[in-house]
Amino acid sequence: MKADLHSFESLAALDGEGVRYAVFFTGCPLRCVCCHNPDTWHPSGREYESGELARKLRRYRPYFRNGGGVTFSGGEPLLHAAYINEVAALLRDDGIGYALDTSGALPLTDAVRQAVDGADMVLLDVKYPNAKQYAAYTKGDFDTFCRFADYLSETRKRVWYRTVIIPGVNDSEEALDGYLSLLARWNRPEKYELLAFHTMGFYKYEKLGIRNPLCDTPPLDAARLRELQAYLDRRLALSR
Amino acid sequence: MNAWRTFQTGRWTEEIDVRDFINRNFTPYSGDGSFLRGMTARTRSAAERVKKLLIAENEKGGVLDVDTERISSLLAYAPGYIQKGEDLILGLQTDAPLKRAVNPFAGYRNAVQSCEAYGYTINPEITTKFEYRTTHNTGVFRVYTQTMRKARHAGILTGLPDAYARGRIIGDYRRVALYGMDRLIEQKKADKAAVGERDFDMSAETIQLLEDLAKQLEFMEQLKEMAAGYGCDISRPAENTYEAIQWLYFGYLGAIKEQNGAANSIGRISAFIDIYAERDLAEGTLTEEGVQELIDDLVLKLRLVRHLRTPEYNDLFAGDPVWVTCSLAGVSTDGRSMVTKTCFRFLQTLYNLGPSAEPNLTVLWAQSLPQGFKDFCAQVSIDTDSIQYENDDVMRGMYGDDYAIACCVSAMKVGKQMQYFGARCNLAKVLLMALNGGKDEKFGEQIAPAGKVFDEKPLVYEEVLEAYKKYASWMANLYVKTMNIIHYMHDKYAYERLMMSLHDTDVERLMAFGISGMSVLADSLSAIKYAKVTPVKDERGIITDFVTEGDFPKFGNDDDRVDDIAKWVVEYFYQELCKTKAYRGARHTLSILTITSNVMYGKKTGSTPDGRKEGEPFAPGANPMHGRDAEGALASLNSVAKLDYRCCQDGISNTFSVTPETLGRTNGDRVRTLTTMLDGYFAQDAHHLNVNVLNRQKLIDAMNDPTLYPSLTIRVSGYAVNFHKLTREKQEEVISRTFHEKL
């Protein structure tokens, strides 16, 4: 089987545990207003056979100690769930595991369930904590996301939540409370990372000729991010 | 007091064998850095003095003072101190700190020019003396052939040590401490007597060796006298930690008073010193503070080592480096970690005294080193950007467990091997020469035998390869012959008497060749093979440019299609070098290392088929070309790891910059990522990695406002520099290098 890939990052230490090799797929159904990578929305024309990708990934085995491995990211990697399952099968004998970096916006097909079941961990993008905001800022369906998160919880998957904090949208303690009340229905995550909205991907919108809905939004201040993260960590510790 | 009390005896007590002493007596340490101590009040005061001196030196344009009245030697100067009474480890190169000596033995003109560049004039009496004396430089140019001169002029062979001293020889300075000079002198005398008897014919080689030994003996006596000037009797062995450090430092100091070679490294001294420290700690005569204070003071002295250089020399080796390379850690051949507390103590100097380019702290990394040490090293890299890593698991098999690194990446068995240093050959130019039928693309001069000039039609890979092989083979032969002349003359006119006296008499010689432009050549051949490359000729009919259409695999992306070409380039050139016999029975070795001269090599090289334009810098060492490694840091490391150390036994240098944020969000994550990365890279038999953990913006800010980060130290190519000692041009080149960054 083939898949269209956007790019590779061989040192992706931020996307899961240990040293990770990130594979970025193209295609995503969400169209989030805050997307940093609009260049992954459409196929790149660079297709890889599953065997070819597995061969490439095996080369990084020496770095996958201390819990490291592959991270399938994107775009939305689960659009390519069947392909991921094929690659994962090829890597299983080498002891190379993978993480999924997903927004959980897809229905739970058999292939998606298999991809989730096979993953060492899931980095779950919690876009917005309610149906209203979810609809306002993405093209996804909030219930579909919740069912995906339910499944992770039911199967006791290792999960790191992540949320992009956007000035003027969700950069307040009250906004975080909203996320926390949503999260309360699921197992406690191992980590909940807040990521700063930044403007370094703006050039991509211009290059691609796509309208950037947040073009007037400033990047989130690093100190403010630390404050919010500290608040979140405190609340998470208290709530359980 | 018996100097060897409590030491486990063995072969080392009967013969000169420092390795045996270390192996029988060192104490591996598997803990972390929590035992380490900060500066004492005395160290703080000494460090403060040195800081002021360094500022003064910088304000005077890089040279604080020059002694133009005398020629450097062991006994030329009165004893010098930073502050008499306060210095613990005694001895300076001249009578005052940072005052540079005049050392004209490798080349007199060079010495004069070095002085003039900084507004000094050598005493005319010295000039008169040197009118009657042949220097190394004069000797070489007496016999250089026309072709050698042309190759040198065109910049195909560059940086050759034909006008400056070769360096890269490591005396076994530990011998001075362990045995004392009298025992060493006695041994040398016995050796000399035996050599005089063993050759039936009394061949030229034997006569040369006998004369060498006589010179060595003369300088061994002088070393004793030099130490006596500081009130120390080094005729006897050292009895405690202080003396062990002081004695070995005297050995080193004598060597650099005599010689101003490019790199004078200090060797592998940490386990050796640690044995004395462990004993003093056990005997209660020294505390941890005391040991650290001695190491701090030794390092402070090593940070003051200076030689007088010409501005042209600084073009090759930017930042006034002296490569006091100090090799730490490694594993013994019987599998014990050679990490001792003193390895930590040397690294600790970067916190106590602040980050620094010198001494060039080099960690001999092995998979089995204790995690506490690995983590500490990674932390030091993240905090200071001052250390480099070399793969002990690869080198141990070839060099045993008592080798050290000279300069950047050159391994040699301490006291048993020496090196004839040979700068490097510009392989990118060799390709251009092959396409131009032996003519140089810049000067248009016929350098190599005339051959086919390629047409302005798309290049055919097989044809290009055939021409390249022919010229690379010719080049390799010329290179060895040139080196043979250089080292014959260096041995004759600028022999390293003291350094060689601290080697075995029957020393093994390595002749270290080098290549530059490896990644430019690999990418160029890849472009010819996988894209369409059409040469463009100028009005002289010489190919000076290329039209490259289509994409092609580039070195640095873990892509075998081009990485195999890179491997082949190196293997082929090494194999061709070995076909020409090297002077004095030396064994050929090869390095992929450019120091900072990748900028200068680029300047001397026309446009290349990979799309690099005329004059643009090469990548340093074995690095992929800037910005072409598109799949991130590990892909880039994997490509370099494929180059085979077996044909590059003089080292494969890779310089790596990564932003702290890319390594992880927390400090703990960053340390873990870095150690995992080093383990993964070296597990693939890679050889060397310079690690910088910093942001490009920090360098840009530092370039624009030098007061922001006055001690900003970065690893450039097998050594570290203070960023502010680089010229603007080199700063810009460093900034343009790939910074592995993940947002």
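The values are calculated or read from the model by the stated rules, or taken from the named source; none is laboratory data. This structure is a prediction, so every number in the text was calculated from the model and none was measured. With ideal geometry, Cβ positions are generated from the backbone for all residues, glycine too; neighbour counts draw on all protein chains shown. Heads up: the accessible areas ignore ligands, DNA and RNA and are worked out on the full protein's heavy atoms, side chains in. Shrake-Rupley method; radii C 1.70, N 1.55, O 1.52, S 1.80 Å.
The table that follows gives values for the structure above.
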item: Check on B:LEU308, among the aliphatic types (A, V, I, L, M) and either surrounded by 24 or more Cβ atoms within 10 Å (Cβ to Cβ) or within 24 Å of B:ALA255 (Cβ to Cβ) (or both); result: yes
item: Subset of segment B:627-642 [away from every other protein chain (no Cβ under 12 Å) and under 16 Å from A:GLU9 (Cβ atoms)]; result: B:GLY627, B:ARG628
item: Long-range neighbours under 8 Å by Cβ, at least six apart or interchain, first residue of a type in the set (S, T, N, Q) within segment B:232-258, second open to solvent by 20 Å² or more (accessible area, probe 1.4 Å); result: B:SER235/B:ASP182; B:SER235/B:LYS224; B:ASN240/B:THR285; B:ASN240/B:LEU286; B:THR241/B:LEU286; B:GLN246/B:LEU90
item: Test result for B:LEU253, in contact with a Ser or Thr (Cβ under 8 Å, 6 or more places away or on another chain) and buried (at least 19 other Cβ atoms within 10 Å of the Cβ); result: no
item: Sole residue being over 22 Å from B:PHE739 (Cα atoms) and polar (S, T, N, Q), chosen from A:THR26, A:THR71; result: A:THR26
item: Answer from B:ASN123, B:ASN110, B:ASN103 - the residue that is surrounded by fewer than 19 Cβ atoms within 10 Å (Cβ to Cβ) and either closer than 30 Å to B:TYR242 by Cα or at pLDDT below 95 (or both); result: B:ASN123
item: Tally, over segment A:85-106, of residues that are open to solvent by 50 Å² or more (accessible area, probe 1.4 Å) and of a type in the set (Ser, Thr, Tyr); result: 0
item: Unique residue being of a type in the set (Lys, Arg) and over 20 Å from A:SER103 (Cβ atoms) when the list is A:LYS207, A:LYS191; result: A:LYS207
item: Scan of segment B:34-79 for residues that are surrounded by 12 or more Cβ atoms within 10 Å (Cβ to Cβ) and among the polar types (S, T, N, Q), ordered by number; result: B:THR40, B:THR43, B:SER45, B:ASN58, B:THR68, B:SER72, B:SER73
item: Subset tally (residues that are open to solvent by less than 20 Å² (accessible area, probe 1.4 Å) and not in a strand (DSSP E or B)) for segment B:581-595; result: 5
item: B:ILE700 being among the aliphatic types (A, V, I, L, M) and in contact (Cβ under 8 Å) with a residue 60 or more places away in the chain; result: no
item: Those residues of segment B:152-196 which are part of a helix (DSSP H, G or I), surrounded by 24 or more Cβ atoms within 10 Å (Cβ to Cβ) and β-branched (Val, Ile, Thr), in sequence order; result: B:VAL176
item: Candidates B:PRO458, B:PRO449 - the one that is within 24 Å of B:PHE513 (Cβ to Cβ), more than 19 Å from the chain's Cα centre (by Cα) and open to solvent by 10 Å² or more (accessible area, probe 1.4 Å); result: B:PRO449
item: Entirely in segment A:137-240, the helices (runs of 4 or more DSSP H) that have 1 or more residues that are over 27 Å from A:TRP41 (Cα atoms); result: A:142-154, A:173-183, A:222-239
item: Hits in segment B:555-600 - residues which are closer than 27 Å to B:GLN731 by Cβ and either away from chain A (no Cβ under 14 Å) or within 23 Å of the chain's Cα centre (by Cα) (or both); result: B:PHE555, B:SER591, B:ILE592, B:LEU593, B:THR594, B:ILE595, B:THR596, B:SER597, B:ASN598, B:VAL599, B:MET600
item: Verdict on B:LYS481 being open to solvent by 30 Å² or more (accessible area, probe 1.4 Å), in contact (Cβ under 8 Å) with a residue 60 or more places away in the chain and in a helix (DSSP H, G or I); result: yes
item: Members of segment B:696-739 found to be within 14 Å of chain A (Cβ to nearest Cβ), modelled with pLDDT under 85 and surrounded by fewer than 23 Cβ atoms within 10 Å (Cβ to Cβ), listed by number; result: B:PHE739
item: Failed condition for B:LYS341, given (1) in contact with a helix residue (DSSP H, G or I) (Cβ under 7 Å, 6 or more places away or on another chain); (2) modelled with pLDDT of 95 or more; (3) open to solvent by less than 10 Å² (accessible area, probe 1.4 Å); (4) on the phi < 0 side of the Ramachandran plot; result: (3)
item: Test set (1) open to solvent by less than 30 Å² (accessible area, probe 1.4 Å); (2) away from chain B (no Cβ under 14 Å); (3) not in a helix (DSSP H, G or I) - A:LEU123 fails condition number; result: (2)
item: Condition check for B:LYS603: touching a residue at least 60 places away in the same chain (Cβ under 8 Å) and away from chain A (no Cβ under 14 Å); result: no
item: Subset tally (residues that are in contact (Cβ under 8 Å) with a residue 24 or more places away in the chain, under 30 Å from A:ALA230 (Cα atoms) and at the interface with chain A (Cβ under 8 Å from one of its Cβ atoms)) for segment B:673-695; result: 1
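For every residue, the table says whether it meets (1) at pLDDT below 95; (2) of a type in the set (Val, Ile, Thr); (3) under 19 Å from B:VAL414 (Cα atoms).
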| residue | (1), (2), (3) |
| --- | --- |
| B:ARG268 | no, no, yes |
| B:LEU294 | no, no, no |
| B:ARG306 | no, no, no |
| B:PRO321 | yes, no, no |
| B:LEU328 | no, no, yes |
| B:VAL331 | no, yes, yes |
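The rows are residues; the columns are (1) more than 9 Å from every other protein chain (Cβ to nearest Cβ); (2) surrounded by fewer than 24 Cβ atoms within 10 Å (Cβ to Cβ).
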site	(1), (2)
B:ASP644	yes, yes
B:VAL658	no, no
B:GLU661	no, yes
B:THR666	yes, yes
B:ARG670	no, yes
